[in-house]
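The block underneath contains the structure these notes are about, expressed in structure tokens.
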Amino acid sequence: MQLNHAQRELTLKIVYYGPGLSGKTTNLRHLHARASPEVRGRLLTVETHDDRTLFFDLLPVFFSTSAGFKVKVKLFTVPGQVIHNATRRIVLQGADAVVFIADSRHSATAENNAYWRNLQDNMKENGLDAEQVPVVIQFNKRDLPDARTEAELEEARKRGGEEVVGAVALRGEGVLETFHAVARAAYRRLDARAHLARNVALTEQEFLSQIFGRMDLSGTALAGRYTGVSRDEQVGGGR
């Protein structure tokens, strides 16, 4: 987290991590499509010839609080290919929260586990405390044959402390719910550390409402939970 009292700016970083072709870029593309132009920045994607992310994707989401602070939530992905571990480690630096995108198929279990260990190693290399940095796990590709059942996802929820969300990112299913879970977890961690509600007058409700009140939540589990933010409330929301 970067908190600049002089310029009244707060910046958070959320990293989407996981194996190659697990759906990290697909998640960000869907979020970009669902977000109002007033709250989203440009989706920057660097791809290779085989349509895999080479360096990272970056999607900034921004708003101004009622107390006049500019808040920017930067969403990054990491490259999934094995050879780009150094880049993954760099992108992970300073993360306030992480989404781990796993392939739901049983045949992908070994690769999921290898990248989970890789995440833990790179967090340690960056001085990030795995016990403190929130991680949300998305089991993507639930529509494919050999995918884990809902009962198996429930078992995964019981085994670890991480929130687990099922998804079919290509259809947008579970994408907004995953982002909501990680945004909420990131806020709670930062509020515990920096007392955001007290020091910058930013409550959890305002933080989430400012973001999800400007997203198309139709067809998601969040539909009807957040009302739209009026244009009067959007003033000052610079990039």
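Data for the structure
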read-out: Among residues of region 193-213, those that are more than 21 Å from the chain's Cα centre (by Cα), of a type in the set (G, A, S) and not in a loop (DSSP other than H, G, I, E, B), counted; value: 1
read-out: Residue that is farthest from R88 (Cα to Cα) [pool: residues in region 1-20 that are hydrophobic (A, V, I, L, M, F, W, C) and buried (at least 17 other Cβ atoms within 10 Å of the Cβ)]; value: L10
read-out: Members of region 1-23 that are among the polar types (S, T, N, Q) and not in a loop (DSSP other than H, G, I, E, B); value: Q2, N4, T11
read-out: Filtered residues of region 120-166 (kept if among the small types (G, A, S) and either out of contact with any Leu (no Cβ under 9 Å at 6 or more places or on another chain) or part of a strand (DSSP E or B) (or both)); value: G127, A147, A151, A156, G160, G161, G166
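Here, each number is a calculation from the coordinates, and none is a lab measurement. Worth saying up front: this structure is predicted, and the values here are computed from it rather than measured. Cβ coordinates were reconstructed from backbone atoms using ideal geometry, including for glycine residues, and neighbour counts include every protein chain displayed.
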